[in-house]
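Data block below; observations after.
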Amino acid sequence: MEVSVFELLAAAREIQGTDYVDGDGIMCGKRYEKQTAHMIEFSSLNGKDGLAGKSRYHRSFLTDDGYRQALAKEAKGEIRIVRYARLNGSALNYKTSREELAAG
């Protein structure tokens with residue numbers, strides 16, 4: 001299993017209870033499900049989705065359909081995706097540009 005430095009740091013923050021991201025844990029079981037293809041970290045911009053406050057981050061591991069729904073929410077201004085990774089097996093391949101993000 002490949003694990004990046006970012007993932008190790010995120011796991012350490014989760015264990016310490018100081019993680020700044022709500023939602024799915026970086027090493028959660030959802031990440032390893034066959035249909036999971038994307039990981040996003042995002043902030044809620046309108047506060048209407050039941051997530052933590054406006055400036056908090058939330059992590060979700062998503063299927064292709066779930067990722068399309070997240071992109072639609074971003075286009076409507078409901079969320080802002082701040083970090084994206086495509087899953088390659090269980091490895092996370094992080095994308096940095098908005099073009100890469102939109103392409104998935």
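Here are a few things to note about the model shown:
- In this structure the amide hydrogen of Arg56, modeled in the peptide plane, comes within under 5 Å of the amide hydrogens of Ser44, none closer than 5 places in sequence on its chain.
- Zone residues, segment 71-86, relative to Leu45, backbone N less than 15 Å from point 7 Å out along Cα-to-Cβ: 71-83
- Amide H to amide H distances under 5 Å link Val82 with Glu41, Phe42, Ser43, where only residues 5 or more positions off or on other chains count and H is placed in the peptide plane.
Every number in this text was worked out from the coordinates using simple rules, so none of it is lab data. Predicted model only: the values in this text are computed from it and were never measured. Because the Cβ atoms are built from the backbone with ideal geometry, glycine has one as well, and the counts that use them run over all protein chains shown.
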